[in-house]
1. Residues of A:94-100, mean number of Cβ from any other protein chain within 10 Å of their own Cβ, rounded to a whole number?
2. Can you give the relative contact order of the range A:179-283 as a percent, counting alpha carbon pairs under 8 Å and 6+ residues apart?
3. Which of these, A:LEU232, A:LEU39, A:LEU12, has the largest mean-square fluctuation under a Gaussian network model of chain A (Cα springs below 10 Å)?
4. Running a GNM on chain A with Cα contacts under 10 Å, which residue among A:ASP268, A:ASP240, A:ASP118 ends up with the highest mean-square fluctuation?
5. Could you list the square roots of 5 times each eigenvalue of the Cα gyration tensor of the protein assembly as shown, that is, the equivalent ellipsoid semi-axes, sorted largest first and rounded to whole Å?
6. Of all beta bridges DSSP finds with both residues in the range B:7-83, what is the antiparallel percent, to the nearest 5?
7. So what is the relative contact order for the range B:109-159, in percent, with contacts set as C-alpha pairs under 8 Å and at least six apart?
8. Can you tell me the dipole magnitude for the range A:49-129 around its Cα centre, using point charges on the Cβ only (Lys, Arg +1; Asp, Glu -1), in Debye to the nearest 20?
Amino acid sequence: MRDFVFHTPSTLAEALTLLETYGDAARPMAGGTALVNFLKQGLLTTEHLVYLQRVPGLSDIRLESDGIHIGALARHRDVEISPILRQHAPLLADVYARVATVRIRNMATVGGGLAHADPAQDPPLGLIVLDARVRLVSSGGERTLAVGELFTDYYETVIQPAELLTEVIVPPQPPTARGVYLKFLPRTEDDYATVAVAALAELEDGACRDVRIALGAAGPTPIRATATEQLLTGQHASEDLIRRAAQAAAEQVDPLSDFRGPADYKRDMAVVFTHRALDRVLNGVPA
Amino acid sequence: MPAEATSRVLRLRVNGAPYEVHAPNRRTLVDLLRYDLGLTGTKEACSVGVCGVCSVLLNGRLVASCLLLACQADGGEVTTIEGVAGPDGELHPLQRSFIEHGGFQCGICTPGQIIAAKALLDENPAPTEQQIKQWMMGNLCRCTGYYQIIDSIKAVAHA
């Protein structure tokens, strides 16, 4: 690992000023699980590490009128065991519980994970189907955008060098919404997914009023399966329709061949797991 | 870059004892423990946070010391395998149980196994077998002595 200056700002304003001052020569760091790995392997070098964990007030999980606010410095484990999330967004608590091992979940933060933007990560899929938003703050102001709008490519996001992701906002879900997260793990339990699917559906009089599906490890970013959603929205989900909607996932994914399998295999598995997820949320079939 | 900008004096408590160490900012916690403090009970194997042998507790939380910069532990409280036994050297119930149930073979993974198991029992003193397996699945044993490891933890959990 190369030498660097280690900054420990104690306020958000101070952290933002440091990022602005040092520009491309600086990197923000939260839990460090991804960044320290990259630094150790020489995949990334930086002159100034801006360590965020000493900034107070950015790790709370709060229930407010517009939804659940999860501070960017909350650890994965905090989300997994949060009584607020267990009660109001159990799908998200389950998704975070599926990440790696408890040791990593004790270190990795919500904001750091999203900024890392590995398309095989679990959390973005849960956040996307829950219509969650992120707040990005810089010295000049702030903006919010949908989690799905955050990712642009492998390990790339729209977050600017002098911007920090400060919180995630999960809007209230209709009480009838049913969600599921399926992670295909043919190797080990703590692995990244070979493919992963999150689905959330709301039924009304037996028809599919709203359905959201997101696929992971299936392309350069998490993928919202909009064509699959359109086939189902407003329809009574027959066995045949679910089969066709799941099949449509094959056209929406763009997986890489790697040691978890060839691209064609992953495309097939995306269809299989989308089918299982839809069966679960639309027909109540146990996954 | 001048060395004073890329190194610092770290103050932390390890197994209850205060330490003040001057270390480069790039020092990982596992290296600080092993090379600066001479606490070689904590091992490093995979170096990428997967295998679990570098497990320590930081402020009571189970963490991978190979993925933490020592700077991140500045001001913190670290527990390593050296701090698990009682002050008079009396073995921790988990240590005794690993001996009684043959919970190790070559021994390299054992410090991490015991630290991880301690973190589990600190949080949940009576875990089910499934909870033990789920919690411990990130601690690899290349001798594959997993049944005995689970037995060792179960015996303490149900004691």
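1. That average works out to 1.
2. Computed over the range A:179-283, the figure is 27 percent.
3. Among A:LEU232, A:LEU39, A:LEU12, the largest mean-square fluctuation in the Gaussian network model of chain A belongs to A:LEU39.
4. Maximum among the listed residues: A:ASP240.
5. They are 38, 28, 19 Å, listed from largest to smallest.
6. 90 percent
7. Taking the mean separation of contacting Cα pairs over the length of the range B:109-159, I get 47 percent.
8. 300 debye
Here, each number is a calculation from the coordinates, and none is a lab measurement. Computed from a prediction, not measured in an experiment: that's the story for all the values here. Quick reminder, even Gly has a Cβ in these numbers, built from the backbone with ideal geometry, and neighbours come from all protein chains shown.
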